Amino acid sequence: MADNPVFDPSNLSFDANKQTILDFLDARPEGEKFKDFFRDQSAGGLIVELAAGLATYLAYQSTVGRREAYLFHVNNLSSAKAIAQNLAYSSFRGQKDHWEFTVTPNVSQTLTKFSILGNIKDDEIILLESITVNSGVPVVLKVVIGTLTSEDITVPSGASRIFRFTKDKVSEDLRLLLNPSPGTEVPLSSLVADLLNDNYVSISNPLGSVDILYLNNGLFIYDTNDLLRLQFVEFDNEIIFTASNIIFDFGTVDSFVLSATETRQIAETIQDIQINAPINNETKFVIRGRDDYKKIFLGLDTAIVSTNGFDASPAVVDLTYVKSDLTFFDASEKSGLISTLEDFRPFGVSPPTISDPFQVDVSLSVLITILAGSTAPADTVTKVTALVDVNAKTLEQSLDFGLIENQINQLKDDIGLIFIKTTRVTLDSPGSVWTASTVYINRVLIEPTVPNTFFYKLIENIEVKWIPSRVYIVGDRVVSTSANGFFFECTTAGTSDSIEPTWDTDVGDISTEATGVEWTNIGPSIPLWIANRVHTLADVISPITKFVAPTIRYFKSIANHETIWQAAQVYILSDIVVPISTNGFAYKATAIAGGGTSDSSEPIFPLTIGAIVVDNEVTWTNIGTVIPLWTTITSYGIGDIISPVTAPSVPQMFKRIASIETEWQPTIIYTLGQRIVPTNSFVNNQFAFEVTVAGTSGSTEPSWDLTPGNTTVDGTVTFTNIGNIVQIDQNHQ
């Protein structure tokens, strides 16, 4: 039998292998044919098909194995690309320099991707991103200098297939159009797995071009006689040029600079392909397993609307999620989800971890140009908003503006006709420039007046207290005057009542004023204490059981009178010490070797947060500053926290905070010596005022003089600014 095998080990056809088995059975002596047993639709027929399937699988494994082995013996690049292609690996074809041209256009228009903007010597200036320009307004264009080439393939049928393009020198700057003039640019990827994400996939072929794959069951379906056009910038030599060589067709070029991050990259070498292609082939199942974890995770809880994951280590996937209400799973819920995920173990990938997501708020601008003679339907804005909103609450590192634009371009009017000429989706600046004397609400992003590449987000819970008879707009946020521990957001605009409403302390519920203004409870101003939750320095929490107003207190996790380091002392993990001669920092034992005994002499403790020092068998990590001791003749500001020089029996912090004097009220009789604080929360945290001329306050709050010693006249009463008030707070432990 070994000399006359039934199967051809190189045959990858299931039908051919099945026929080989049937031919083999027919060739047997009449008594050994078992004709009735092996006929179609019988148990024997199923055995034949299983055997044919096994033979095909073994032939495939053998073929791929040989090709992978051959990869290390190829002597030319085309052979390496061909073998890598059989391993579903697209070798890197090279990329030319990208340039940034600052130009002043002489006409207002929309320039589309791969538009020819002019020439430099014998090469073309090719636009890499679509953009709308305005006449006389300088703009930066991202371009590449080279030769733009295209190749067309007419689709023979609507079946899923591989389209082979043959023109060589295809660089990584390319796009694929379905039915050009102008046609639709389809999403293009080099990862075979993206076929499942409705992407066309391009894989480098041995001709120096690409093969295109598509499942043809999504948004970008092709049919018989449709046209696929591959447009690409040829990968060739760069040219040397000066400003005098530039011929620009749409205005003047003010300056040009080479992109700092997208410079020329040569094509992948044989040696690189020999390493990368087999690794890609071996790890694709692990990658698939990781993706399967994301899909399984999405189905475990109906509140989850999006999932994502990355390789936390070569063996562990770290999953994250978005819930419809933007809340987080607690530790016990995560433990239960991980336990369920362990039952699946796709492709043997180790059980995952689960981390909470980070929210990033972005604002998109959509500019739509209507075809001449067309009219946009009344519901256009609604439809466009729905298409854009699909991207909300999703875990993506980037937004595919091209995909959003293509989806919008496919909208049709009331009689079923395309009415949009072009769509441009852009990302608005995430923050505005900081301005003085401006009221900012929570989560607002600002950038400094002198840009430093950073944006800053307001995250402190310092909201304005509710004020009577004040105009509020939707989005305004307040806290109650009694500080009940919750924030309230205006969801129906109007003028507030003269009497403060009864605030609903259930998150999500609405409090309605007599004037019709509605406030929605958007959550605790300080997060509630949670059991089994690790807290670090400076974490602020609110107790589960609220104190009776006005004694609501918050608790801050801080270091206070930590143990002083000792020589030859046994320490355990997480012990915290301060040096013998205090340096303002605390240190935590983050690693223990042997018995965990410190050295006979004190180590030199580092002054950088996060830095470590090895102390015999203990490793100490700088975890931040400790609360400083009180010192004489020192100026302290609001919010400063100090420790007493002599530690009390019960650890206490002392914090300079605002007074708890009565807030100012309208039309109230005030007597000499009474003290009040303004209702404005910012001022309230700084100054108190004493009645120096008795009388009745006015109907509206006065403008307070913020200079200590100065007076403020309010109705018939006069208040004098008596400065900051210092109060002991013994609840920071």
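Since every read-out is calculated from the coordinates, none of them should be taken as a lab result. Because the structure is a prediction, the values reported are computed rather than measured.
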* Given a cut-off of 26 Å, name the pairs among Lys142/Lys421; Lys294/Lys393; Lys323/Lys465; Lys96/Lys121; Lys113/Lys412; Lys142/Lys294 whose C-alpha atoms lie farther apart than that in the structure shown. => Lys323/Lys465; Lys142/Lys294
* Asked: If you line up the Cα atoms of the range 175-278 on their principal axes, what length do they span on each, largest first, in Å?
  -> 50, 41, 24
* To do: Multiply the residue separation of Ala567 and Asp318 by 0.36 nm, subtract the distance between their alpha-carbon atoms, and state the gained length in nm to one decimal.
  => 85.6 nm
* To do: Against the globular-protein guess of 2.2 N^0.38 Å, express the Cα radius of gyration of the range 364-428 as a ratio, rounded to two decimals.
  => 1.14
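When a/c is below 1.5 the answer is rounded, else prolate if a/b is larger than b/c, else oblate, so apply that to the range 136-211 with a ≥ b ≥ c taken from the square roots of the Cα gyration tensor eigenvalues.
Numbers: a/c = 1.76, a/b = 1.56, b/c = 1.13.
Here the range 136-211 falls in the prolate category.
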* Calculated log₁₀ intensity ratio I(q)/I(0) where the Debye formula runs over C-alpha points of the range 98-258, q = 0.12, 0.14, 0.17 Å⁻¹ -> -0.60, -0.77, -1.00
